[in-house]
Amino acid sequence: MRRSLILIAIGLLLALAITLETAPAQDSKTQKLVFASAGFDESNRFWVISRPDHLQYDPFLETLLEVDPKTGEYTPRLAEKWSNSPDFTKWTFQLRKGVQFHNGFGPLTAKDVVHSHALMMRPEATATLVGFWRQVDKVEAVNDYQVVFHFKRPTTVMPYAASRAGDLRIVSKAQWDKEGQEGFEKRPAGTGSYRYVGRQPGLSISFERVDNHWNKERPAFKELVFRLAREESTRLALLLSGEAHVADLPRELQKDALKRGMKIFSSSFPVDWMTVYLGGQYYLPNDPAFKPDVAWTKKPVRQALNMAINRKELLNTVFAGKGTMTYVTGWSEKSEGYNVEWQSRFDRMYGYDPTKAKALLKEAGYGPGQLKFKILAFTEPGESEGPQVAEALGIYYKEIGVETEIEVLDWAKVREMFRKKVIQCCIWPNIISWRPSEEWIRTSYHSKSPNHHYENEFIDKQYDLLTKSVNPAERQKIARAIGDHLFEEFADIPLFWFANEVVANPKVIGEWVYPGLAAGRSTHFALIKPAK
């Protein structure tokens with residue numbers, strides 16, 4: 001088995017034959033910084049784009065709150081202070097004065113916040129937190145610099161949602177009133193330390209430095225370009241040739257880059273987890289999307305698919321050993337409801353045991369060769385290992401008598417399939433970044449969630465209790481009950497937690513501190529310090 005997985009990695013590296021042996025010389029006074037990215041669902045309409053793809057907005061569209069790059073705490077940004085009512089149904093933000101929108105569209109006021117939230121309410125809105133923002137009853141502009149969000153129910157996760165980790169980008173109402181959506185899409189006006197210049201769809205996005213940023217934040221590089229390249233080999237070649245200065249690369253290829261003089265920069269926190277999701281788990285009574293002939297609607301099959309995987313080998317082979325085990329998808333030690341008992345019980349319930357996996361499949365009625373399904377794979381910024389994991393899963397499952405077919409699709413297509421509940425055919429590995437437990441449950445396990453990963457009556461009832469509670473001890477108890485349930489039911493196939501990593505030319509980039517928690521993962525470009 002180990003030899004098979006090693007061959008995956010070796011085959012990938014051999015296919016990437018790179019003629020350059022050393023990192024190219026670079027002028028330390030480089031003015032244009034080029035980031036080679038795996039790409040994303042492209043649009044300037046932030047309200048239709050999921051959080052990972054908000055990388056394209058991070059340089060120029062700001063949020064009410066910041067995510068501190070070293071501590072991960074929520075700190076002032078466009079809002080200089082904020083507070084909540086005792087019942088957590090009202091959140092008040094005091095806006096910073098003197099913030100100017102790009103392209104001459106005037107100062108930031110509460111009207112711009114109201115307008116930005118209204119974009120999240122548009123019928124076409126599909127951003128990750130749209131469901132959260134639609135829990136707002138109204139957004140009240142008390143005066144030019146005070147805005148109040150009135151929620152229909154208590155919410156304790158507003159600081160997360162309003163921060164750089166969320167997806168409410170603050171844009172200019174004055175621009176929208178003057179130019180409409182067409183003008184906004186052509187050159188959206190933000191407040192960031194970079195200004196949007198333009199994009200060549202499928203090729204690049206360009207930004208230029210703002211020299212009079214409200215926070216006196218002055219990026220070291222005058223220009224910033226996101227160079228889009230889906231193929232890992234292309235991103236590596238761009239980096240090694242000097243056409244790009246930093247790149248999002250799978251961890252196996254990082255080794256090749258390091259040998260040629262490159263350097264790895266990591267997020268301050270282990271913020272991403274990888275899990276394999278199982279389509280079609282819609283267990284609410286009378287759900288027409290539920291298909292009883294989907295094999296993993298049987299619990300023994302779900303456990304078997306977990307126990308077929310040698311996680312330690314997979315971590316070392318595909319992720320270069322950089323990661324820790326995930327015990328329940330979405331829960332880290334800092335998450336509300338985390339249960340320390342999951343770790344001690346994990347090996348017995350989920351650990352690698354192909355013999356037991358075969359027995360579980362037999363118990364469920366599947367002999368060798370009788371279970372067949374597809375594994376979907378895709379790549380996104382910060383999610384380069386998906387195809388390699390899919391291939392490894394195919395090898396592991398073949399060893400327990402399961403036949404699989406790997407299909408590589410665009411992320412947008414995979415997302416459409418699980419959001420429309422037409423993914424009963426398939427399983428898929430996905431890397432997702434940390435968010436509060438309540439928000440993770442809302443987006444993935446509640447029946448009104450956009451993602452429909454695993455739904456049943458127990459989770460719906462517990463989630464409703466969680467949303468009504470503001471007592472910390474009670475919330476811990478409820479969140480833990482949901483996590484325990486997912487653990488006992490083998491709701492999916494949890495794999496690993498790890499930090500976000502990028503590879504850069506040290507002759508150009510000397511330092512880059514970023515939290516990894518922000519939407520888009522590799523963020524805070526204004527904090528990049530050039531090489532000395």
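The values are calculated or read from the model by the stated rules, or taken from the named source; none is laboratory data. Quantities reported herein were computed from a predicted structural model and do not represent experimental measurements. Glycine also receives a Cβ, built like all others from the backbone with ideal geometry; neighbour counts cover every protein chain displayed. Just the protein is used for accessible areas: all its heavy atoms, side chains included, with ligands, DNA and RNA removed. Shrake-Rupley method; radii C 1.70, N 1.55, O 1.52, S 1.80 Å.
Residues in the range 291-314 that are more than 27 Å from the chain's Cα centre (by Cα) and either under 16 Å from His453 (Cα atoms) or open to solvent by 20 Å² or more (accessible area, probe 1.4 Å) (or both): Lys291, Pro292, Asp293, Val294, Ala295, Lys298, Lys299, Pro300. Taking the range 230-242 as the range and being in contact with a Lys or Arg (Cβ under 7 Å, 6 or more places away or on another chain) and surrounded by 23 or more Cβ atoms within 10 Å (Cβ to Cβ) as the test, only Leu240 passes. State whether one or more residues within the range 117-133 are within 19 Å of Lys81 (Cα to Cα) and in contact with a Leu (Cβ under 8 Å, 6 or more places away or on another chain). Scanning the range 117-133 turns up at least one residue that is within 19 Å of Lys81 (Cα to Cα) and in contact with a Leu (Cβ under 8 Å, 6 or more places away or on another chain). Of a type in the set (Lys, Arg), open to solvent by 10 Å² or more (accessible area, probe 1.4 Å) and closer than 25 Å to Ala519 by Cα, is that true of Arg419? Judged against the criteria, Arg419 is a match.
Taken over the range 48-60, the criterion of being surrounded by fewer than 23 Cβ atoms within 10 Å (Cβ to Cβ) and either more than 13 Å from the chain's Cα centre (by Cα) or without any contact (Cβ under 8 Å) to a residue 24 or more places away in the chain (or both) is satisfied by Val48 alone. Filtering Ala473, Ala504, Ala481, Ala526 for residues that are more than 24 Å from Val328 (Cβ to Cβ), open to solvent by 10 Å² or more (accessible area, probe 1.4 Å) and modelled with pLDDT of 95 or more leaves a single hit, Ala526. Considering the range 335-364, the residues that are in a loop (DSSP other than H, G, I, E, B) and free of Cβ contacts under 8 Å to residues at least 60 places away in the same chain include one that is surrounded by the fewest Cβ atoms within 10 Å (Cβ to Cβ), namely Val340. Among the residues that make up the range 66-88, is at least one of them within 22 Å of Glu182 (Cα to Cα), open to solvent by less than 50 Å² (accessible area, probe 1.4 Å) and not in a strand (DSSP E or B)? The answer is no; no qualifying residue exists. Only residues that are in a loop (DSSP other than H, G, I, E, B), touching a residue at least 24 places away in the same chain (Cβ under 8 Å) and over 25 Å from His54 (Cβ atoms) were counted across the range 469-504, and they come to 4. Between Gly202, Gly183, Gly131, the distinction of being over 18 Å from Glu62 (Cα atoms), open to solvent by less than 50 Å² (accessible area, probe 1.4 Å), without any contact (Cβ under 8 Å) to a residue 24 or more places away in the chain and not aliphatic (A, V, I, L, M) belongs to Gly183 only.
Conditions (1) at pLDDT below 95; (2) under 26 Å from the mean Cα position of the chain (by Cα); (3) open to solvent by less than 60 Å² (accessible area, probe 1.4 Å); (4) over 25 Å from Phe226 (Cβ atoms), marked per residue:
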residue	(1), (2), (3), (4)
Ile6	yes, no, no, yes
Ala17	yes, no, no, yes
Glu62	no, yes, yes, no
Asn103	no, no, yes, no
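When the range 393-416 is filtered for residues that are within 22 Å of the chain's Cα centre (by Cα) and either open to solvent by less than 40 Å² (accessible area, probe 1.4 Å) or of a type outside the set (Lys, Arg) (or both), the ones remaining, listed by number, are Leu393, Glu407, Val408, Leu409, Asp410, Trp411, Ala412, Val414, Arg415, Glu416.
Going by the conditions given, is Asp137 open to solvent by 20 Å² or more (accessible area, probe 1.4 Å), under 29 Å from Pro450 (Cβ atoms) and touching a Lys or Arg at 6+ places or on another chain (Cβ under 8 Å)? In short, yes. Taken over the range 75-116, the criterion of being under 12 Å from Leu64 (Cβ atoms), touching a residue at least 12 places away in the same chain (Cβ under 8 Å) and not aliphatic (A, V, I, L, M) is satisfied by Pro76, Arg77, Glu80, Lys81, Trp82, Trp91, Thr92, Phe93, Gln94, Arg96, Asp112, Ser116. Tally time: how many residues in the range 286-334 are closer than 13 Å to Leu495 by Cα and part of a helix (DSSP H, G or I)? Here the count works out to 10. Condition first: touching a residue at least 40 places away in the same chain (Cβ under 8 Å), part of a loop (DSSP other than H, G, I, E, B) and over 25 Å from Leu527 (Cα atoms). Now tell me which residues in the range 229-259 satisfy that. Hit for the range 229-259 is Arg230, nothing else. As a summary of the residue check, Ala390 satisfies the conditions (1) open to solvent by 20 Å² or more (accessible area, probe 1.4 Å); (2) closer than 20 Å to Asn316 by Cα except for the one numbered (1). Identify, from the list Pro515, Pro436, the residue that is of a type outside the set (A, V, I, L, M) and within 30 Å of Asp211 (Cα to Cα). None of the others qualify; the one that does is Pro515.
Each residue in the range 269-283 was checked for being closer than 22 Å to Gly323 by Cα and either at pLDDT 95 or above or open to solvent by less than 10 Å² (accessible area, probe 1.4 Å) (or both), and 7 pass. With respect to the conditions (1) crowded, with 17+ Cβ neighbours inside 10 Å; (2) of a type in the set (S, T, N, Q); (3) touching an Asp or Glu at 6+ places or on another chain (Cβ under 9 Å), Gln462 lacks only one, and its number is (3).
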